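The values are calculated or read from the model by the stated rules, or taken from the named source; none is laboratory data. None of these values were measured; they are calculated from a predicted model. No Cβ is skipped: glycine too gets one built from the backbone with ideal geometry, and neighbour counts run over all protein chains shown. SASA here: full protein model, heavy atoms, side chains in, ligands and nucleic acids out. Shrake-Rupley method; radii C 1.70, N 1.55, O 1.52, S 1.80 Å.
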Amino acid sequence: PDLDGLEVLRAAERLEVRPDIIITTGHATAESTLTAVECGAAGYLVKPIDLSRLSALVERLVERRRGARAREQFQADEQRHAEERVRKLRSLSTLTRFITSARDSEQVFRAGAEAATALLGAKMARVWVDDPAQRVLRVRGSFGIDPAFEQPLTEFPAIAYGEGQVGRTLEARGPIYVLDVLEDPRWKNRKLAEAAGLRASATIPMVTADRVVGVLSILFSDRREFSSEEKELMALLADQAAIAIDQARLSEEVHAQRNRLAQIFESTTDGIMFVGRDGRIEAVNGRVFELLALAEAEVIGADLVPLLARYSGDMADDLFEASLRSLIHESDGGEGDLSLPALKRVVHWVAQPTGDASGNRVGLTLTLLDVTKEREVSQMKTDFVSFVTHQLRTPLSGIKWMLELAAQEVARPGEATSYVRDAHAAAERLITLVNDLLDISRLERGKLEIHLQPADVAALTRRVLDEVTGLVQEQGHRVSFDVEDGLPAVVVDPQLLRQVMLNLVSNAVKYTPAAGQIAIRLRRVDEGVRWEIRDTGIGIPREAQRRLFEKFYRADNVYAVETEGTGLGLYLVRLILEQFGGRVWCESEEGQGATFLFTLPASE
Amino acid sequence: MTATGKRILLVEDDRFLRRACEASLRQRGFTVTPATDGEEGLRLARTEAPDLILLDLLMPKLPGIEVLKALKADPATAAIPILILSNSSREQDVGEVMKLGAVDYWVKANLSLKELGERIVRLLGG
């Protein structure tokens with residue numbers, strides 16, 4: 001009466017849950033049938049209703065509805081599962097990215113534990129890492145540990161292979177799932193687990209290549225089994241964690257290696273420089289700055305050739321540059337000395353071409369070594385040898401020539417004898433020279449036998465003066481000797497002291513022009529006794545005074561060249577006096593003669 | 001072949017070598033003026049106008065090299081031939097003296113007086 005069927009049909013469209021509507025009417029026209037269908041009627045029956053037809057229709061509709069519901073449910077479930085999987089994969093991917101980017105092992109371990117807890121809804125997770133040396137596994141990262149239980153739960157920081165669920169997982173190289181630890185007799189500390197609210201436990205080995213690097217242990221607050229999807233997830237997580245652990249470890253190793261190399265680089269006593277193909281200095285160690293006396297800023301990034309060209313000194317600049325350039329680009333390397341006169345230094349350099357891993361030449365490595373001392377010593381040795389050669393040859397050629405003359409003068413015995421005498425004298429000089437060389441060598445090595453005894457210096461002096469009387473008269477010199485009273489006693493080797501005095505006196509006699517004056521004085525001083533000899537010769541320039549007592553003789557050191565060969569002179573004098581605890585020096589003004597002085601300590 | 005009239009200035013600090021060399025050269029007829037050191041040598045070179053100077057290198061006070069340089073620098077003595085008679089044989093010395101204009105460099109220890117004399121005769125001619 002109030003709404004007709006079609007109106008109800010239309011109104012039903014607006015319902016949330018739309019029932020199937022079957023129109024029953026006594027009155028059917030093609031038009032009304034069409035309208036009803038358009039409005040969504042599920043069926044259209046004309047009265048009188050065939051009950052079997054009605055029942056069949058209703059059954060069909062109910063069947064259809066049930067199916068639809070089931071399909072909906074199925075789709076909704078599928079949708080939910082898919083979303084969950086996507087969510088989990090996304091979290092897994094995010095966390096994995098974090099794990100693999102962690103450079104520090106500790107970060108990795110913690111992140112791994114956190115990921116496991118989050119993704120699986122676990123209560124707690126721990127990362128155990130293998131220590132193959134000790135054959136144990138140690139907890140290196142954990143997440144979700146209840147602070148109240150932190151202490152006891154970390155009381156077992158190491159688990160031996162095969163021990164506990166974790167240890168067994170390692171040995172089995174496969175996961176172990178425990179439904180409820182409280183029921184598992186193999187679990188060690190069940191009381192603690194209970195107090196911490198832990199029930200289900202999963203342990204998964206972390207494997208890279210073929211090596212088990214540790215075990216991931218995940219603990220849940222419920223007693224439960226794990227779906228294959230969850231097991232897959234845990235395995236995936238363990239794999240990622242294994243890779244990340246390996247990476248972090250490698251990264252730490254690389255870092256440690258790099259540090260070690262950097263320390264070696266800096267601590268060597270050689271300077272090391274790496275020069276790129278463009279000739280620029282790319283890497284340098286601190287020693288280079290010292291050797292070249294340059295600031296860091298001047299060296300790094302600088303062009304090698306102009307930098308070194310500063311020091312080329314006497315080398316033609318072009319030649320130097322050319323050789324440096326060819327060194328950088330072509331050659332198989334080389335070595336040489338670089339003289340740095342401004343720094344009074346000689347640096348030996350060695351250049352080696354440097355290649356990358358594929359063998360392509362990327363530049364040059366230069367090693368710098370300070371060889372100043374070695375070159376000096378080498379030069380000194382050369383000078384010494386040439387000096388000694390000369391000193392030995394002089395008396396030898398004297399002997400030879402004298403004997404040659406003597407042989408000629410057989411008919412005139414007087415002449416011959418005189419030549420023979422000279423040959424003899426020259427021979428003696430030679431012997432003195434060789435002996436002095438030996439003395440110096442022994443003194444330097446601390447191997448000379450010194451016979452110390454109390455000595456009368458004045459008496460010794462007089463004896464020496466007697467020895468040189470002839471020479472003095474020849475030159476027409478006047479010699480005076482003055483001794484102070486009350487001189488303290490000294491202890492010396494008289495033979496050696498005689499040598500010293502003879503040398504100083506002879507020098508004075510020789511280097512003073514004829515008819516000069518030589519004054520020798522013996523005085524008491526604080527240290528002991530001072531002996532001095534003053535002449536009226538030409539004097540000795542200041543620069544030369546320093547070098548008078550030097551060890552190594554240079555051909556241009558005129559004071560090292562001893563005429564009349566009384567020995568190797570002042571160096572030996574110095575060595576001997578130093579043995580006695582004394583010292584020797586010279587005072588002189590050019591043109592005003594020279595005074596040579598030495599002191600001897602008083603003996604107690 | 002005699003050498004009468006040729007004057008040789010001998011600059012040598014070692015007295016044995018000086019005496020032997022002088023005696024030997026006199027025997028050959030040379031006039032020999034001895035100098036015991038470089039300074040005396042320079043002085044005598046200027047005053048005696050020798051035909052040849054025999055110069056030792058390693059001498060005290062004034063080294064032979066300096067004497068050589070001075071002789072060559074002084075027009076009065078630059079033309080006089082100079083023979084280095086030394087007992088050092090450092091290569092750098094030999095090179096240097098030849099560059100400075102010495103005629104030759106002989107090592108005394110390796111020469112007999114006879115050879116020395118013969119070489120000088122050849123050098124100075126009759």
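Quick notes
- Label zone at residue A:24 (point 7 Å along Cα-to-Cβ), backbone N below 13 Å, the range A:39-70: A:44-58
- A helix-only calculation puts chain A at -16500 deg cm²/dmol for mean residue ellipticity at 222 nm, using -39500 (n - 2.57) for each DSSP H run of at least four residues, averaged over all residues.
- Helix-only [θ]222 nm of chain B, DSSP H runs n ≥ 4, -39500 (n - 2.57) each, per residue, nearest 500: -13500 deg cm²/dmol
- Cβ-Cβ distance of residue A:89 and residue A:62, R₀ of 60 Å, FRET efficiency by 1/(1 + (r/R0)^6): the value works out to about 0.90.
- Test item: B:104-111 mean partner chain Cβ contacts at 10 Å: 4
- The heavy atoms of residue A:186 present about 130 square angstrom of accessible area, all protein chains included, probe 1.4 Å.
- In this simple spin-label model, placing a label point 7 Å from the Cα along the Cα-to-Cβ direction at both residue A:77 and residue B:92 gives a separation of 10.3 nm.
- FRET efficiency, residue A:251 to residue A:183 (Cβ-Cβ, R0 51 Å, nearest 0.05): 0.75
- Simple label model, 7 Å out from Cα along Cβ direction - residue A:293 to residue A:431, nm: 5.2 nm
- Once both labels are positioned 7 Å from their Cα atoms along Cα-to-Cβ, the gap between residue A:303 and residue B:69 label points is 3.9 nm.
- Neighbour net charge for residue A:90 - beta-carbon separation under 14 angstrom, K R +1, D E -1: +2
- Burial ranking of peptide ranges A:19-29, A:35-45 (average Cβ count within 10 Å, highest at the top): A:35-45, A:19-29
- With all protein chains modelled, accessible area of residue A:264 [1.4 Å, Å²]: 100 Å²
- Contact surface B-A: accessible area buried, both sides summed, square angstrom, 1.4 angstrom probe: 2800 Å²
- Neighbouring partner chain Cβ atoms per residue of A:401-413, average, 10 Å criterion: 3
- Cα pair distances in the range A:400-492, grouped into 5 Å bins until the bin that holds the longest one, percent each: 3, 10, 10, 11, 14, 16, 14, 9, 6, 4, 2, 1, 0
- Placing a label point 7 Å from the Cα of residue A:53 along the Cα-to-Cβ direction, the residues of the range A:1-39 whose backbone N falls under 11 Å from that point are A:25.
- Cβ-defined net charge surrounding residue A:494, 10 Å radius [Lys, Arg +1; Asp, Glu -1]: 0
- Rounded to the nearest 10 Å², the accessible area of residue A:521 at probe 1.4 Å: 80 Å²
- Per residue of B:85-92, other chain Cβ atoms within 10 Å of the residue Cβ number 5 on average.
- Rounded, prolate or oblate (a/c below 1.5 giving rounded, otherwise prolate when a/b exceeds b/c) for chain B by Cα gyration tensor: rounded
- Heavy-atom accessible area, probed at 1.4 angstrom with all protein chains present, ranks B:26, B:7 as B:26, B:7, highest first.
- Neighbourhood net charge (12 Å Cβ-Cβ; Lys/Arg +1, Asp/Glu -1) for residue A:119: -1
- On the basis of the beta-carbon distance and an R0 of 35 Å, residue A:578 and residue A:344 show a calculated FRET efficiency of 0.85.
- Length gained on full extension, residue A:385 to residue A:70: 102.1 nm, using 0.36 nm per residue less the C-alpha separation.
- Compared with the alpha-carbon gap, the fully stretched path from residue B:31 to residue B:106 is longer by 24.9 nm at 0.36 nm per residue.
- Where both bridge residues fall in the protein assembly as shown, DSSP classifies roughly 75% of the beta bridges as antiparallel.
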